[in-house]
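Student: Quick one: the structure is below, and I'll ask about it shortly.
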Amino acid sequence: MIEPNSDQETSNDEESGTHTRSKPRSASKAGFEKKTMALVYDFDGTLSPRPMQDYAFLPQIGQDASAFWKESNRLAKEQGADSLITYMHLLYKKAKEAGVRIDRDDLVAQGRNVELYAGVEDWFDALGDYVKLRAESHGVGLRHYLISSGLTEIIEGTRIYKRFHNVFASEYWFEAYDLPYPKRVITDTGKTQYLFRINKGIEDLGNNINQHMPEDARPIPFFNMIYFGDGDTDVPSMAVMRKNGGHAVAVYPPGKAKKKCVDLFKAGRCDFFAPADYRRGSELFKRTCLLIDRILADIRVQEEKWRIGREVR
């Protein structure tokens, strides 16, 4: 099970930092509670220019990245197999053939080599500062989540791992077989499950999310959420987010073609698109702040409606 990480809270709300459930409030102090904003990110191509395995795993086992992914995709197509399970199996098969033993600690260590786009490391604090400056409601919180088909173990070794409230990613069982066996595989469409987990506040993967939960009981409404992605693999998540009143932003490598993002924008899959430059003052920063302003205004409106409703009971 993935351990959740510390929140990027913008005020002293009642999150524990290691659990996703809030401490209970007494009835006399109960107030409008839907003040948490959730920014949800893909990883490969969104926060990092290339697949995370390209930086250390593949070089360590003597594999050319382009050739490896081409072989993985070919095998998946030939065998009618899931492409993600195929790549997870092929990684360790290639490692074994090369006589290289890689365990969990090795993968975590590899995370230190993963390149991040400009500004990513400062992004979380910069947005936290912006929310503190702009929020008119007391107690607004800002959380960051990661949903990735990449490997949990490598992500844990990156410099930004602790900035996420929770990380949902593919993961290995290391003791089940000679070759590590996939424990969790997060596919393109499977990512949407985790959006609903965030929305419903059911982040413990041991708990089922299929039971109906009324909209007014969900702690983080979709309209308080923004999804960041870079292409076709993010379309299901963007579609779910936008359909349910949330927001989406598409990014592309700075200085390179933006056609895919333009297509997503024209198809109504995203609110905005911008180069993957996370520095303060960039187009991405400014457009994200516009969406944050919209969410903050909506929180204020909903809070005022809640307050009036209490008065006229």
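Student: When only Cα pairs under 8 Å and 6 or more residues apart are kept, what is the percent relative contact order across the stretch 223-304?
Tutor: The normalised contact order for the stretch 223-304 reaches 25 percent.
Student: Another question about this same structure. Using θ = phi - 60° and the Karplus form 6.51 cos²θ - 1.76 cosθ + 1.60, what ³J(HN,Hα) does each residue of the stretch 206-213 get, whole Hz, x for Gly and Pro?
Tutor: x, 9, 6, 10, 7, 5, 5, 10
Student: Here's something else I'd like to know. State the Cα centre-to-centre distance between the stretch 130-155 and the stretch 235-285 in whole Å.
Tutor: 17
Student: When the helix-only estimate is applied to the chain (DSSP H runs of n ≥ 4, each -39,500 (n - 2.57), divided by the residue count), what is the mean residue ellipticity at 222 nm, nearest 500 deg cm²/dmol?
Tutor: -11500 deg cm²/dmol
Student: Relative to the longest principal Cα axis of the chain, at what angle does helix 120-134 sit, 0 to 90 degrees, rounded to 10?
Tutor: Approximately 10 degrees, to the nearest 10.
Student: Let me ask something else. With charges set only on the Cβ (+1 for Lys and Arg, -1 for Asp and Glu), what does the dipole of the chain come to about its Cα centre, in debye to the nearest 20?
Tutor: Once rounded to the nearest 20, the dipole reads 860 debye.
Student: Suppose we keep just the DSSP beta bridges with both residues in the chain; what percent of those would be antiparallel, to 5?
Tutor: The antiparallel fraction comes to roughly 15 percent.
Student: Further question on the same structure: Where in the chain lies the longest segment free of GluC sites (Glu not before Pro) that are both loop residues by DSSP (not H, G, I, E, B) and have at most 11 other Cβ atoms within 10 Å?
Tutor: Here the longest segment lacking exposed loop sites spans 176-313.
Student: Follow-up. Under the rule of at least 5 residues apart or a separate chain, name every residue whose amide H is placed under 5 Å from the amide H of S48.
Tutor: Y117
Student: Using only Cα atoms, tell me the angle between helix 83-97 and the longest principal axis of the chain; keep it within 0 to 90° and round to the nearest 10.
Tutor: Tilt relative to the chain: about 40 degrees.
Student: List every residue whose amide H lies under 5 Å from the amide H of S170, counting only residues 5 or more places away in sequence or on a different chain, with H placed 1.01 Å from N in the peptide plane.
Tutor: Under 5 Å from the amide H of S170 lie the amide H atoms of S148, G150, T152, I186, each far enough along the sequence or on another chain.
Student: I'd like the orientation of helix 283-311 relative to the chain: the angle between its Cα long axis and the longest Cα principal axis, in ° from 0 to 90, rounded to 10.
Tutor: Helix 283-311 sits at roughly 40 degrees to that axis.
Student: For the stretch 157-172, take each phi angle, set θ = phi - 60°, evaluate the Karplus expression 6.51 cos²θ - 1.76 cosθ + 1.60, and give the result in whole Hz per residue in order, putting x for glycine and proline.
Tutor: x, 6, 6, 10, 3, 6, 7, 9, 5, 7, 10, 10, 8, 5, 8, 9
Student: Quick one: which residues, 5+ away or cross-chain, put their amide H under 5 Å from the amide H of F43? H built at 1.01 Å from N.
Tutor: S149
Student: Still on this model: Work out from phi, with θ = phi - 60° and the Karplus expression 6.51 cos²θ - 1.76 cosθ + 1.60, the ³J(HN,Hα) of each residue of the stretch 246-259, listed in order in whole Hz, and give x for Gly and Pro.
Tutor: Those phi angles translate into x, 10, 9, 10, 9, 10, 9, x, x, x, 10, 4, 10, 4 Hz.
A short reminder: the numbers here are calculations on the coordinates, not readings from a lab. Every value quoted in this text rests on a predicted model; they were computed, and no experiment measured them. Quick reminder, even Gly has a Cβ in these numbers, built from the backbone with ideal geometry, and neighbours come from all protein chains shown.
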